[in-house]
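Worksheet for the structure shown next.
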Amino acid sequence: MPDRAVYLTREGYKRLDAELGHLRTVKRPEVSERIRRSKDMTDVVDNAEYDEAKSEQGFIEGRIAELELTLASAQIIDEAQSTEFVRLGSRVTVKDDEGDTEQYRIVGSMEADPKRGLISNESPVGRALLGKKPGESATVVAPGGSFALTVVEIG
């Protein structure tokens, strides 16, 4: 999966590591038991429960592999201590042309959740804000058009 470093906050790393542990210790044994029970009940040919359990097993094994690769190539980003310029881990307050303010935290793409104010460094807004200092404007080029954001505060 990831050919390059995956940027994660400490919280994001812990969350993905916990998911991996849950899949390995809880979900994998559960689905294995379902497969065993469905094989014991009847032949595996035309056995819907067996087919469903095998499909779930494939999903779980794929997710385990994805998480292992992600965590192996993860680079932890700490909350930025510097307030000089926007970088990975920064919490930044921005103002748009109408004077509305928003606060974002710049994170890696695996953790992006715009509804919670977590924006990816690879998103149009994240890319435009990286490297900006308080008072500087950034032009965001997005699929819906371009707009400007001014960095109010970093912290």
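Bear in mind these aren't lab numbers, they're just calculated from the coordinates by the rules spelled out. Predicted model, so just to flag it, every value in this text is computed and none were measured. Using ideal geometry, Cβ is built from the backbone for each residue, glycine included, and neighbour counts are taken over all protein chains shown.
Numbers below:
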{"item": "Tail weight of P(r) past 15 Å, computed on alpha-carbon pairs of the range 56-123, percent", "result": "64 percent"}
{"item": "Check: the chain dipole with +1 on Lys, Arg Cβ and -1 on Asp, Glu Cβ, in debye", "result": "420 debye"}
{"item": "Computed [θ] at 222 nm, deg cm²/dmol, the chain (DSSP H ≥ 4; -39,500 (n - 2.57); rounded to nearest 500)", "result": "-12000 deg cm²/dmol"}
{"item": "Kirkwood-type radius of the range 6-76, with distances r between different C-alpha atoms, in Å", "result": "13.4 Å"}
{"item": "Distance (nanometres) between label positions extended 7 Å along Cα→Cβ at residue 72 and residue 28", "result": "1.4 nm"}
{"item": "For the range 79-154, Kirkwood radius (reciprocal of mean inverse C-alpha pair distance, Å)", "result": "12.1 Å"}
{"item": "Rg(Cα) / (2.2 N^0.38 Å) computed for the chain, rounded to two decimals", "result": "1.45"}
{"item": "Number of Lys pairs (Cα under 25 Å; 8 or more positions apart or on different chains) in the chain", "result": "10"}
{"item": "The chain - percent relative contact order, Cα under 8 Å, separation 6 or more", "result": "23 percent"}
{"item": "Extended-chain gain in nm, criterion 0.36 nm per residue less alpha-carbon gap, residue 61 and residue 42", "result": "4.4 nm"}
